[in-house]
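So the structure is just underneath, and the comments pick up after that.
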Amino acid sequence: MKRKLKIGVLFGGRSAEHEVSLVSATSVINALDKKKYDVVPIGITLDGRWISSSDTLEVLKSRKKINQQPQKILLPDPNLQGIVEIFSKINSKENIDVVLPVLHGTFGEDGTVQGLLELANIPYVGAGVLASSVAMDKIVARRLYKAAGIPVIPDIWFLWKEFQVNKKYFLSQVASELGFPCFVKPANMGSSVGITKAHNSSELEGAVVLAANYDRKILVEKAVPNAREIEVSLLGNDNPIVSVPGEIISSNEFYDYDAKYVDGKSTSEIPANIPKRIADKIKEYALRGYKAIDCSGMARADFLVGRDSNKIYLNELNTIPGFTSISMYPKLLEASGIPYPKLLDMLIKVAIERFEEKSKLKTAYRPKKDWYKN
Ligand SMILES: Nc1ncnc2c1ncn2[C@@H]1O[C@H](COP(=O)(O)OP(=O)(O)O)[C@@H](O)[C@H]1O
Ligand SMILES: [Mg+2]
């Protein structure tokens with residue numbers, strides 16, 4: 001006999017739609033085929049406690065005896081994959097006032113860790129869930145920047161699955177609409193991992209196969225000819241500070257993984273040697289992009305600027321940029337009058353401000369009648 005799947009049904013929550021969720025979960029639990037599934041009801045109380053037992057739905061609906069329920073948690077450790085009970089005795093506990101996530105890429109910069117911290121109600125440095133995940137997805141982010149009137153690089157995107165079925169179509173679409181060379185990227189990645197500059201159709205095909213190792217969505221972009229890499233740092237919530245622009249001078253044909261970290265030959269110039277008009281435009285687009293994705297805390301906005309044309313394109317916003325004391329993010333702010341230790345103070349301060357502003361919002365709604373109990 002096949003093992004029954006254990007379905008954890010999560011309901012309730014710190015939300016004004018807590019009650020609606022309880023009613024939805026009742027329907028879902030009733031409808032799940034018990035011959036195929038074991039249901040594990042997991043309730044989140046209005047104040048964010050996690051509880052789980054066979055009568056959790058009833059407990060949440062009646063709002064009685066919630067505090068007598070053993071406390072459960074879903075741990076972020078992927079080796080556990082389940083909910084665990086916290087016994088009344090906790091071995092040790094260290095209170096945390098603010099978390100400073102210094103993680104790059106997936107499961108760190110992409111909203112997942114931010115989501116966990118939101119659930120835990122702990123203030124954290126940097127962008128929230130939405131901006132983190134949007135900025136991580138080059139395809140979605142581009143579309144928002146474009147809608148905000150910011151110039152972006154012409155691109156085409158497709159699913160790896162679609163490409164496998166319609167390879168000829170996509171190869172000819174790229175050749176006719178974007179031409180060569182072009183850049184092929186996994187939609188969600190960083191540090192130039194999985195990125196190829198393709199100079200012709202056969203390189204393009206290989207590049208798509210490589211990018212597909214990292215994402216199901218592939219982005220292909222026109223190459224900006226003779227691109228200069230100009231970056232600015234942003235710091236703050238609704239009215240962020242924008243640093244002076246700096247330029248990265250890559251040691252390779254483009255700023256790939258080796259040029260970023262390995263060969264140590266890439267250099268930077270701060271402030272960038274660009275006309276004031278271009279610098280002002282870059283700052284304006286950076287601010288607009290920050291707002292377009294509802295960013296907060298910090299970000300480094302990376303631009304590509306045509307050396308001859310002076311055309312500016314917003315390439316991406318990094319919500320957790322490199323953070324060593326010689327990284328571009330702190331160096332640009334340092335050049336703008338904010339030394340590294342002060343930068344950390346400011347990041348923590350704006351994290352607390354954002355948390356406090358959000359804490360004032362209502363997360364519960366008391367309906368006129370307890371309609372959901374039936
Ligand atoms: N359309 C493009 N035209 C020219 N150079 C590009 C283009 N896209 C990417 N690059 C080069 O590739 C590098 C990495 O691409 P990017 O989109 O920034 O990915 P990552 O998120 O991995 O940093 C850029 O810093 C730049 O050197
Ligand atoms: Mg980049």
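Each value in this text was obtained by applying a stated rule to the coordinates, not by laboratory testing. The structure presented is a predicted model; accordingly, all values stated were derived computationally and were not measured. Because the Cβ atoms are built from the backbone with ideal geometry, glycine has one as well, and the counts that use them run over all protein chains shown.
Summary of values
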{"read-out": "Cα extents of the range 55-174 along the three principal axes, largest first (Å)", "value": "64, 34, 31"}
{"read-out": "Table column - 3J(HN,Hα) (Hz), the range 46-53, Karplus curve with 6.51, -1.76, 1.60, x for Gly and Pro", "value": "4, 9, x, 6, 9, 9, 7, 7"}
{"read-out": "Built amide H within the under 5 Å cut-off of GLU316, gap 5+", "value": "ASP302"}
{"read-out": "Paramagnetic reach from ALA120 (point 7 Å along Cα→Cβ, amide N under 20 Å) across the range 340-359", "value": "347-359"}
{"read-out": "Per-residue Cβ neighbour rank within 10 angstrom, fewest leading, LYS311, LYS185, LYS342", "value": "LYS342, LYS311, LYS185"}
{"read-out": "Stretchable slack from VAL102 to LYS291, in nm (0.36 nm times residue separation minus alpha-carbon distance)", "value": "65.8 nm"}
{"read-out": "Sequence-distant residues sharing a close amide H with VAL40 (under 5 Å, placed H)", "value": "ILE7, GLY8, VAL9"}
{"read-out": "Gyration tensor (alpha-carbon) shape descriptor, the range 154-223, a/c threshold 1.5", "value": "oblate"}
{"read-out": "Radius 15 Å from Cβ of ARG307, net charge of other residues (Lys, Arg +1; Asp, Glu -1)", "value": "-3"}
{"read-out": "Two-decimal Rg/Rh across the range 5-93, once Rg and the Kirkwood Rh are taken from alpha-carbon atoms", "value": "0.98"}
{"read-out": "Derived scalar couplings ³J(HN,Hα) [the range 259-267; Karplus, 6.51 cos²θ - 1.76 cosθ + 1.60; whole Hz; x for Gly, Pro]", "value": "5, 6, 10, 8, 7, x, 9, 6, 10"}
{"read-out": "Value at 222 nm in deg cm²/dmol, rounded to 500, when DSSP H runs of n ≥ 4 in the chain each add -39,500 (n - 2.57)", "value": "-9500 deg cm²/dmol"}
{"read-out": "Theoretical gain in end-to-end length, SER327 to MET1 [0.36 nm per residue, Cα-Cα removed]", "value": "111.7 nm"}
{"read-out": "The chain - Debye-derived log10 I(q)/I(0), Cα point model, q = 0.06, 0.10 Å⁻¹", "value": "-0.31, -0.78"}
{"read-out": "Simple spin-label estimate for ASN239 and ILE83 in nanometres, 7 Å along Cα-Cβ", "value": "4.5 nm"}
{"read-out": "Point-charge dipole on Cβ atoms (K/R +1, D/E -1) for the range 248-374, about Cα centre, debye to 20", "value": "980 debye"}
{"read-out": "Nearest-ten-degree value, helix 167-177 long axis tilted from longest Cα axis of the chain", "value": "50 degrees"}
{"read-out": "Net charge over other residues, Cβ less than 11 angstrom from the Cβ of VAL84 (K, R count +1; D, E count -1)", "value": "-1"}
{"read-out": "Most mobile of TYR214, TYR329, TYR313 in a GNM of the chain (Cα contacts under 10 Å)", "value": "TYR214"}
{"read-out": "Backbone HN-Hα couplings from phi across the range 200-210 [Karplus 6.51/-1.76/1.60, Hz, Gly and Pro as x]", "value": "7, 4, 6, 5, 4, 4, x, 5, 5, 4, 5"}
{"read-out": "Helix 138-147 axis, angle to the chain major axis (alpha carbon atoms, nearest 10°)", "value": "80 degrees"}
{"read-out": "Sites ILE352 and ARG14, calculated FRET efficiency, Cβ-Cβ separation with R0 25 Å, nearest 0.05", "value": "0.80"}
